[in-house]
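Worksheet: one structure, shown below.
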Amino acid sequence: RMKEDGKNNYTIFEPSPNNSGIERLTLENSIRKALRLEEFVLYYQPQIDTLTGKIIGTEALVRWNHPTLGLVPPAKFIPIAEETGLIVPLGEWVLRTACIQNQIWKEKGYAPMSVSVNLSSRQFSKQNLVKTITEILHETHIDPQYLELEITESMTMNVEVAIEVLGKLKELGIQICIDDFGTGYSNLYYLKLFSIDRLKIDQSFVRDIMTDSNDADIVATIIAMAHNLGIDVIAEGVETKEQLDFLRSQNCHEVQGFYYHRPLPVEEIEQLLMNTMEIDTKL
Ligand code: C2E
Ligand code: MG
Ligand code: MG
Ligand code: MG
């Protein structure tokens with residue numbers, strides 16, 4: 001169930017006859033160059049409140065718009081960026097870009113929504129994370145309550161560090177979500193101590209909700225536990241009406257997944273937001 005189950009690919013170029021010889025260093029250099037040339041791009045996946053049908057937020061998901069390979073998914077370069085430390089400048093670019101974009105949407109008059117940004121463990125353990133985020137908040141004028149950071153359970157393993165960093169981040173007024181919840185080791189006691197705002201149920205549980213009663217039980221338990229602790233809960237990877245109905249029957253009303261929308265480029269998000277506005281004015 002762990003994410004490390006080989007799901008992530010550690011080389012950007014698949015081991016095919018054409019590109020088998022590419023060295024890590026080359027890759028590191030091309031990521032560095034891509035940062036400089038601004039080849040990275042953010043897609044945004046809507047998060048829906050199923051009680052209202054409204055978009056309450058988006059998750060920013062990075063892609064590499066490679067000049068010859070096209071749109072490269074994060075699984076192909078995030079692991080190397082993490083290993084080499086390039087995730088720090090890349091992650092900072094993601095944070096700043098997501099905040100700027102969310103602020104632009106606010107200024108265009110769309111209903112306020114949050115933006116969720118994935119944080120890597122390398123960023124989380126960096127001394128200046130809080131300083132960087134403080135600067136980005138000031139620069140972009142985003143209302144901190146509309147910025148959510150997604151961390152994973154593994155980042156909270158060093159309890160002292162987690163308490164300190166999360167405490168400082170909460171002081172800034174931003175939201176904290178635990179991503180891929182259920183796939184790592186969580187000390188439930190600390191969820192409360194860390195002032196976590198939201199749990200995101202991992203898509204691996206959602207995927208098998210209808211076929212695996214264990215997964216259905218796990219999902220129901222996570223939702224009930226979150227409610228008891230006063231923590232919000234969102235489910236990711238919702239692809240079917242049946243999965244959605246199950247989640248709703250368990251009182252999980254925030255969802256993200258292909259059933260509603262795939263991660264979309266800025267223009268398509270705006271199209272969606274515009275359509276939603278039209279519906280609102282008709283009502
Ligand atoms: P994640 O944060 O758990 O993001 C959810 C992933 O599930 C995304 O893949 C999304 O496209 C995909 N997804 C969403 N709905 C569905 C669905 O209904 N079915 C299925 N099968 N998949 C769905 P993506 O964009 O390829 O991102 C993969 C992972 O890469 C992310 O997992 C996250 O861990 C990492 N990542 C993406 N962007 C960033 C970033 O800016 N910084 C860092 N550190 N990591 C990132
Ligand atoms: Mg995420
Ligand atoms: Mg996830
Ligand atoms: Mg909240």
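In the range 229-237 there is at least one residue matching the filter, namely being within 11 Å of ligand 1 (Cβ to nearest atom), assigned to a loop (DSSP other than H, G, I, E, B), out of contact with any Phe, Trp or Tyr (no Cβ under 6 Å at 6 or more places or on another chain) and among the small types (Gly, Ala, Ser).
When we screen Gln243, Gln250, Gln203 for residues that are within 15 Å of ligand 1 (Cβ to nearest atom), farther than 20 Å from Ile151 by Cα and out of contact with any Pro (no Cβ under 9 Å at 6 or more places or on another chain), the only hit is Gln243. Of the residues making up the range 131-146, those that are within 18 Å of Arg198 (Cβ to Cβ) and either in a helix (DSSP H, G or I) or open to solvent by 60 Å² or more (accessible area, probe 1.4 Å) (or both) number 4.
For the range 33-75, list the strands (runs of 3 or more DSSP E) that sit wholly inside it and hold at least 3 residues that are crowded, with 20+ Cβ neighbours inside 10 Å; which are they?
Values: elements: 40-49, 54-66, 70-72.
The qualifying strands (runs of 3 or more DSSP E) are 40-49, 54-66.
Checking the condition in contact with a helix residue (DSSP H, G or I) (Cβ under 9 Å, 6 or more places away or on another chain), within 16 Å of ligand 2 (Cβ to nearest atom) and not acidic (Asp, Glu), which residue from Gly230, Gly184 passes? It would help to see each step written out before you state the result.
Details: Gly230 fails: within 16 Å of ligand 2 (Cβ to nearest atom).
The match here is Gly184.
Restrict the check to the range 219-226 and report whether at least one residue is without any contact (Cβ under 8 Å) to a residue 60 or more places away in the chain, buried (at least 18 other Cβ atoms within 10 Å of the Cβ), under 29 Å from Arg96 (Cβ atoms) and more than 16 Å from ligand 2 (Cβ to nearest atom). No, the range 219-226 contains no residue that is without any contact (Cβ under 8 Å) to a residue 60 or more places away in the chain, buried (at least 18 other Cβ atoms within 10 Å of the Cβ), under 29 Å from Arg96 (Cβ atoms) and more than 16 Å from ligand 2 (Cβ to nearest atom). Beta carbons closer than 6 Å, at least 6 apart along the sequence or on distinct chains, pair a first residue in the range 166-187 that is modelled with pLDDT of 95 or more and in a loop (DSSP other than H, G, I, E, B) with a second that is open to solvent by less than 40 Å² (accessible area, probe 1.4 Å) and not charged (D, E, K, R) for Leu172/Pro144; Gly173/Pro144; Ile174/Pro144; Ile174/Leu147. Contact map, the range 152-164: residues that are in contact (Cβ under 8 Å) with a residue 24 or more places away in the chain paired with residues that are assigned to a helix (DSSP H, G or I) and among the aliphatic types (A, V, I, L, M), Cβ distance under 6 Å, separation 6+ or inter-chain. Pairs shown: Thr156/Ala162.
What residue, among those in the range 147-192 that are aromatic (Phe, Trp, Tyr) and open to solvent by 20 Å² or more (accessible area, probe 1.4 Å), is farthest from ligand 3 (Cβ to nearest atom)? Among them, the one singled out is Tyr189. Selection of the range 13-66 for residues being touching an Asp or Glu at 6+ places or on another chain (Cβ under 7 Å) and modelled with pLDDT under 95 yields only His66. Scanning the range 89-130 for residues that are in contact with a Gly (Cβ under 9 Å, 6 or more places away or on another chain), of a type in the set (S, T, N, Q) and open to solvent by 20 Å² or more (accessible area, probe 1.4 Å), we see that the one that is farthest from ligand 2 (Cβ to nearest atom) is Ser114.
The values are calculated or read from the model by the stated rules, or taken from the named source; none is laboratory data. Quantities reported herein were computed from a predicted structural model and do not represent experimental measurements. Neighbour counts are summed over all protein chains in view; Cβ atoms, including those assigned to glycine, are modelled from backbone coordinates with ideal geometry. Ligands, DNA and RNA are stripped out before the accessible areas are found, and what is left, the full protein with its side chains, is counted by its heavy atoms. Shrake-Rupley method; radii C 1.70, N 1.55, O 1.52, S 1.80 Å.
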